[in-house]
Structure formats: C-alpha cells, structure tokens
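Written below as structure tokens is the structure these notes are about.
Derivation of every value follows stated rules applied to the coordinates shown; laboratory data play no part. From a predicted model like this one, the values you see are computed outputs, not experimental measurements. Neighbour counts run over all protein chains shown; Cβ positions are idealised from the backbone, glycine included.
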Amino acid sequence: MCTSYLIDENLRKQVDLTKSLADSIIRKDEYALNVSLFSVGKERGDIKAVLSMLDKLIRDCAVLSKCKDAETISCFREGAERLSSMLTASQSIKIHRCIERAWSAVESNVSAPLVLTSLCAEIAGIVR
C-alpha cells in the first residue's frame, strides 16, 4: 500500500478523505462529516474504498481503547488514538455496523448521496 500511496493520486485522495472523516468525528462536526462524505462522489469503488478505510480506523479505535500499544491496520493511527479516547468500544461497534449497512445499501443500488447522508446522521447520533 505504501508504494501505491506514492504512485496513486486517487488512493492519496481517499486516505486524506478518511483522515478528514476521522477529524470531523473527533470534533463532533456533523456538517464537516457530511461534506467529507459527499466529496467521496458516486463511484461505488471510491465509496467502498473510503468506507473500508473508515471501518479499519474505527476498528483500530476499538482496539486502542482496550490496549494503547496494539497494532493498527488503518491509515491514520493518530486519529484512531484520538477517537479511542472519546469513544467506547461499544460506540465503535455501532459505527462499524452503520458502515456495513451503508456499504450494503450502496451495493444494492440505493442512492449513494442518501446512504452517505444517513451514515453521517447515524455516526453523529452515536458520538453525541
């Protein structure tokens, strides 16, 4: 992935977007979260990639909330660490389930903007 990150501009954009999503969640800024989700676009591949990266970040958050020295798999350890100090493992699991439902809905041809708006509202409701 490191080589791909250096070469692939789209991957860099997706990583940056994932970091922006994490920062929005940390700040509890629903508007910024929604704007970031909308900037993913409508391409299923891009949506899947960003949701997958966000899901890995949330997974890291849950793991780090239990063990600060745990290995991480996401692209933004610092964000996962900050999230782990504000979210419980239970909240992380709820967000993970929301991300899974969102991806399932996109795969089922539900309108991507509607799905991402719903995901934003669900995450905002969990982190309040």
Only Lys, Arg (+1) and Asp, Glu (-1) charged, at Cβ; the chain dipole about Cα centre in debye: 300
Low-density loop positions, GluC sites (Glu not before Pro), the range 43-128 - DSSP coil, at most 14 other Cβ in 10 Å: 43, 71
Cβ-based net charge around residue 64, under 11 Å, with every Lys or Arg adding one and every Asp or Glu removing one: 0
Cα gyration tensor of the range 42-128 - equivalent ellipsoid semi-axes, whole Å, descending: 24, 14, 9
Under the span-like rule (Cα at least 15 Å along the axis, Kyte-Doolittle mean at least 0.5), DSSP H helices of the chain: 112-127
